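The structure appears below as structure tokens.
The values are calculated or read from the model by the stated rules, or taken from the named source; none is laboratory data. Being a predicted model, the structure only gives us computed values, none of them experimental. So basically every Cβ, Gly included, is an ideal-geometry build from the backbone, and we count neighbours across all protein chains shown. Surface accessibility is based on the protein's heavy atoms, side chains included, excluding ligands, DNA and RNA. Shrake-Rupley method; radii C 1.70, N 1.55, O 1.52, S 1.80 Å.
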Amino acid sequence: MIERLLEAANAGHGGVLVIHGEPGVGKTALLEHAIDAARGFRVARTVGVEGEMEFAYAALQQLCSPTLDLMEHLPEPQRDALAVALGLEAGKAPNPYLVGLAVLGLLSEAAEEQPLLCLVDDAQWLDRASARALAFVARRLLAERIALVFAAREMGDALTGLAELHLGPLGHRDARALLDSALPARLDDRVLEGIIVETRGNPLALLELPRGMAPAQLAGGFGLPAALPLSAQIEQSFARRLARLPRDARRLLLVAAADPTGDLALVWRAAQLLGIAESAAHTVESDGLLTFGSGVAFRHPLVRSAVYQASGADERSQAHRALAEAIDPEIDPDRRAWHRAQATSMPDEEVAADLERSAARAQARGGLAAAAAFLERSSVLTPDPARRAARALTAAQAKQQAGALDEALTLVASAEAGPLEEFQRAQVDVVRARVSFAEDRGSEAPLLLLAAAERLESQDVQLAREIYLDALTAALFAGRLGGAGDARRIATGARAAPASPLPPRPVDLLLDGLALLITEGPSVGTPMVRQALSAFHSDELGEEESLRWLWLAGRAAGFIWDYEGWDSLTTRHVRAAREVGALAELPLALSTRVGVHILAGEMRAAASLVAESAALAVATDGRVVPAYGALALAAFRGDEDEVTRLVRNDTADFLARGEGIGLTVSQWVTAALNNGLGRYEKAFAAAEQAVADSHELWFSTFAMIELIEAASRSGQMKRAEEALDVLSESTRASGSPWALGVEARSRALLNEGEAAETLYREAIDHLQPTRVHLHLARSHLLYGEWLRRQRRRLDARNELRVAHDLFSDFGTEAFAERARIELEATGEHARKRTVDTLGQLTPQEAQISRLAAEGHTNREIAAQLFISPSTVEYHLHKVFRKLEVKSRTQLARRLS
């Protein structure tokens, strides 16, 4: 498998392999084999070290250091992010996924010169930041000359889904052969069999266990240790060997085990401080436990573990204290602080403060997990109860931001055990609420955030208002499942909040507008929301504000039927997220934008965003991405099987997370699908469920459109009139062409004769100049169906032909088929669709093609789509072949 991976990488098809198995089973030996087999390859490697898991990007720095001279070839945002992450420059904390993209770019650059083999040993001990970056790279290898091989004890969350090889123990015959080859003399068969059974075919155990046994044990076969977990068994074998070493040799091994960097000079400085003789180095090397080369390397990670665990607490403290004294505080203050903390068992404010400063530096590099670990230890060593609680709270906030939700709650509980000020208690509420929202997007989060916002009012008005908007957002997600924390209650609380300091920020206007929209209705709330959207269009909007709130502003534009605002704000959000590499934000931005393309009839563009959003979800630790875009796309494409599958799979998740808005989406798209298929009774039933939550601002409004059409077609006119009254409240308050067109068409369905025809024409006139082509096509369809029933066949043909052509071009199959049936009922055959080679492009190929046609270079496209330039080139080659074009100029003409 390794050799096939290398052959593919050499041919320009990058790949990844995760080798996993128990300690001692031979993973590192396979990595060494990979190096031997990688003739002509450049090799970069790194090792996860258990003691370094709290140092952000420690493993990544080791992997990238040989190629750092190529950083100048990276786009500036990537170059800056990587430089800060690796401590080469000071700057704002980088987005972790932008760091991952920079690593992908850096390794791709290195692989341009010659194929590259990247090895990651002991991946289970990678620091969180490095693990995330390397997993990101692993999931995006396609057309690069890179082979990436991980070795880990188990797959773990970061590596789940990658190509894997489980390495099991040796069979009996091979175990016997290995054991025979390692023994100095022939042994009794009973002894051999006993060792084989005891080691369960583990190669390292087979080699090490006999070395730790006394001659009498080997000779007679008595005294074999009782069955233990394998790693513990091997560690015990190493511990027995350690016990026979001189004291200085054991102390030297402990110093080396206590320092995870393998820094030879540092180990020797610490050893000299402890008075360890140089002869100790020869002793440990000759025993095969440790080697001193360019660095200090243990024969196996279990040796390090055995050395450390076999030592007493006082001995370990002495080793860490010596290492701390040997480190220059100007050069490596964080590692010095870490060793001082390990050497300290009693509260010590000086050490705790040192750790707090290290946490600040880690956070500045984007190492949230590292910062949280420093702060957690700092709080434990803090003598003053109030300061201890404050540090525990800060650690909890860092844990929550890093995604360690259970640990965040544990630290919150620790913080609550100490004296807290009112502002800190509000921060406790915020952490609990954000953990709740991250876990299930509904349920308890709205009320927890509301309580936090109310507490913050007297402390920080601006922050309080932001938390109120968070609470309102959580309530909108919770929807009908919000219980006591429903949107009206949260909006009422928000309206009672202190006014924002003048001039109001865009976020303040958005909070006021949404609260008014929910509590007072569209006629009162729409003008304020419109004012907020205008503020969000401002060029003065900051980066942080853009990333945090633009998705909600874009969604709010949909609430008030502002298609252009929805389009421009979501475009801006996607661009802002791409520019700074905010991959965690991007799936939500893309999902919010999908509807813009669906309404425009641009199903291929919508599909590319859905596909990219799903791919990014995998790249960003598999975070849950709203399925709303995928559901809507499948419904309007008329893909009944896909809608059924998605609704079935997602409904349980929505219920489990308390995400009521997801239920509304599922029911709305089911109604839209069935209206397209002409199944009006089913469409009516689904739409009735979708509009059950009167405070759901968006999807229930869209469902109202489907309800009116389905009700009017299934003879339930009274219900259709009631729905129209609700719909017209928001459409009239908006007054946009989109809103007025939809209302006119819906009203036409409830009228007869000349009044109906006037309304159908009015709807088409409103919608014709807009980009809301899907509703324009539906208006032509309904008007054509009405004309046919009035026995005006020629007039009906014109409308139905336009509708059919539009739906066919969009790829909205159900509505196209409905239009075809109606058109043929007038006596005209619908045009057959020609084979569209553009339809053969995958969503990613379509997206890359569009960007290339717009004049973007491969590097620019790669930066936008979070892939490598080699992958862009790979996809463009396939596009050129499929579309039969030979240049980007021809591609641009073909796409136009």
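Using a 1.4 angstrom probe and counting only protein chains, how large is the accessible area of residue 282 in Å², to 10?
Result for residue 282: roughly 130 Å² accessible.
Please name which of 770, 786, 758 has its Cα lying farthest along the dipole of region 754-878 towards the positive end, using unit charges on Cβ (Lys, Arg +1; Asp, Glu -1) and the Cα centre as origin.
The residue sitting most towards the positive pole is 786.
Calculate what fraction, in whole %, of the accessible area of the chain sits on carbon and sulfur atoms when a 1.4 Å probe is rolled over the protein chains.
Numbers: 18380 of 36400 Å².
Looking at the chain in its full context, I get 51 percent from C and S.
Round to a whole angstrom and tell me the spacing of the C-alpha centers of region 1-52 and region 240-310.
27 Å
Rounded, prolate or oblate for region 269-348? Axes are the square roots of the Cα gyration tensor eigenvalues, ordered a ≥ b ≥ c, and the cut-off for rounded is a/c under 1.5.
Details: a/c = 1.86, a/b = 1.49, b/c = 1.24.
Here region 269-348 falls in the prolate category.
On full extension of the chain, what length is gained from residue 45 through residue 386, given 0.36 nm per residue of separation minus the C-alpha to C-alpha distance?
Once the chain is fully extended between residue 45 and residue 386, it gains 118.3 nm.
Treating cross-link reach as a plain straight distance, find the lysines whose alpha-carbon is under 22 Å from the alpha-carbon of residue 886, omitting any fewer than eight places away in the same chain.
The qualifying lysines are 878.
Any chance you could look up the accessible area of residue 338 with a 1.4 Å probe, heavy atoms only, rounded to 10 Å²?
Residue 338 has an accessible surface of roughly 30 Å² with all protein chains in place.
Using only C-alpha positions, report the orientation-averaged shadow area of the convex hull of region 449-592, nm², one decimal.
Working: hull surface 34.0 nm².
Taking a quarter of the hull surface, the average projection is 8.5 nm².
What FRET efficiency comes out for residue 754 versus residue 718 if R0 is 25 angstrom and r is the Cβ-Cβ distance? Round to the nearest 0.05. Can you show the working numbers first?
Numbers: r = 23 Å, r/R0 = 0.92.
Efficiency, from the Cβ-Cβ distance: 0.60.
If a/c stays under 1.5 just call it rounded; otherwise compare a/b with b/c (prolate if a/b is bigger, oblate if not). Do that for region 753-855, with a ≥ b ≥ c from the square roots of the Cα gyration tensor eigenvalues.
oblate
Among 482, 517, 532, which residue has its Cα furthest toward the positive end of the charge dipole of region 475-546, with +1 on Lys/Arg Cβ and -1 on Asp/Glu Cβ?
Farthest along the dipole direction, towards plus: 482.
If each of residue 893 and residue 325 carries a label point 7 Å out from its Cα toward its Cβ, how far apart are those two points in nm?
Between residue 893 and residue 325, the simple spin-label model gives 8.0 nm.
With r as the distance between the Cβ atoms of residue 531 and residue 825 and R0 = 51 Å, compute the FRET efficiency 1/(1 + (r/R0)^6) and round to 0.05. Walk me through the numbers on the way to the answer.
Numbers: r = 49 Å, r/R0 = 0.96.
In this case the efficiency is close to 0.55.
Multiply the residue separation of residue 579 and residue 681 by 0.36 nm, subtract the distance between their alpha-carbon atoms, and state the gained length in nm to one decimal. The partial results should precede the final answer.
On the way: separation 102, 0.36 × 102 = 36.72 nm, distance 4.70 nm.
Between residue 579 and residue 681, full extension yields 32.0 nm more.
Sorting 92, 878 by accessible area (1.4 Å probe), largest first, what list results? If you can, show how the numbers build up before the last one.
On the way: 92 145, 878 50 Å².
The residues order as 92, 878, largest area first.
Quickly rank 53-65, 110-122 as a protection proxy: mean count of other C-beta atoms within 10 Å, highest first.
Numbers: 53-65: 23.9, 110-122: 21.2.
With the highest mean Cβ count within 10 Å placed first, the list reads 53-65, 110-122.
Compute, for region 1-99, the length of the dipole vector about the Cα centre, with Cβ point charges of +1 (Lys, Arg) and -1 (Asp, Glu) only. Units Debye, rounded to 20.
On the way: 7 positive and 13 negative charges, 45 e Å.
The calculation lands at about 220 debye.
Under 5 Å between amide H atoms, partner at least 5 residues away or on a different chain: which partners does residue 19 have, H built in plane at 1.01 Å?
The answer is 150, 151, 152, 165.
Would you work out if region 11-123 is rounded, prolate or oblate? Take a ≥ b ≥ c from the square roots of the eigenvalues of the alpha-carbon gyration tensor; rounded if a/c is under 1.5, else prolate when a/b is larger than b/c, oblate otherwise.
Details: a/c = 2.44, a/b = 1.33, b/c = 1.83.
Oblate is the answer for region 11-123, as a/c is 1.5 or above yet b/c matches or exceeds a/b.
Suppose all protein chains stay in the model; what accessible area per residue would a 1.4 Å probe give for region 683-759, in Å²?
Numbers: 2770 Å² over 77 residues.
Per-residue value: 36 Å².
Per-residue ellipticity at 222 nm for the chain, helices alone: DSSP H runs ≥ 4 residues times -39500 (n - 2.57), over residue total, nearest 500 deg cm²/dmol? Show your work: numbers first, answer last.
Values: 47 runs with 601 residues, N = 896.
About -21000 deg cm²/dmol.
Run the simple label-point estimate for residue 29 and residue 65 please: 7 Å along Cα→C-beta, distance reported in nm.
With each label point 7 Å from Cα toward Cβ, the separation is 2.9 nm.
Assign unit charges at the C-beta atoms only (+1 for Lys and Arg, -1 for Asp and Glu), then state the dipole size of region 317-428 relative to its Cα centre in Debye, rounded to the nearest 20. Walk me through the numbers before you get to the answer.
Working: 13 positive and 17 negative charges, 38 e Å.
Dipole of region 317-428, to the nearest 20 debye: 180 debye.
About its Cα centre, what dipole magnitude does region 56-193 give when the only charges are +1 on Lys and Arg Cβ and -1 on Asp and Glu Cβ, stated in debye to the nearest 20? All intermediate terms of the calculation are to be shown ahead of the outcome.
Working: 12 positive and 20 negative charges, 65 e Å.
The dipole of region 56-193 has a size of about 320 debye.
Can you compute the FRET efficiency between residue 114 and residue 502 using 1/(1 + (r/R0)^6), with r the Cβ-Cβ distance and R0 = 35 Å? Round to the nearest 0.05.
Working: r = 62 Å, r/R0 = 1.76.
Efficiency at R0 = 35 Å is approximately 0.05.
With all protein chains present, calculate the accessible area of residue 328 using a 1.4 Å probe and round the result to the nearest 10 Å².
70 Å²
Taking all protein chains together and a probe of 1.4 Å, list 165, 655 from the most accessible to the least accessible.
Numbers: 165 45, 655 100 Å².
Most to least solvent-accessible, the answer reads 655, 165.
Go through 244, 128 and list them by solvent-accessible area, largest first, probe radius 1.4 Å. Write down the numbers at each step before the final one.
Details: 244 155, 128 105 Å².
Output order, biggest surface exposure first: 244, 128.
Suppose the chain between residue 886 and residue 538 were pulled fully straight at 0.36 nm per residue; how much longer would it get relative to their current alpha carbon spacing?
On the way: separation 348, 0.36 × 348 = 125.28 nm, distance 4.17 nm.
Fully extending the segment from residue 886 to residue 538 adds 121.1 nm.
With each pseudo-label sitting 7 Å past Cα toward Cβ, what's the residue 200-residue 854 distance in nm, one decimal?
About 5.6 nm, to one decimal.
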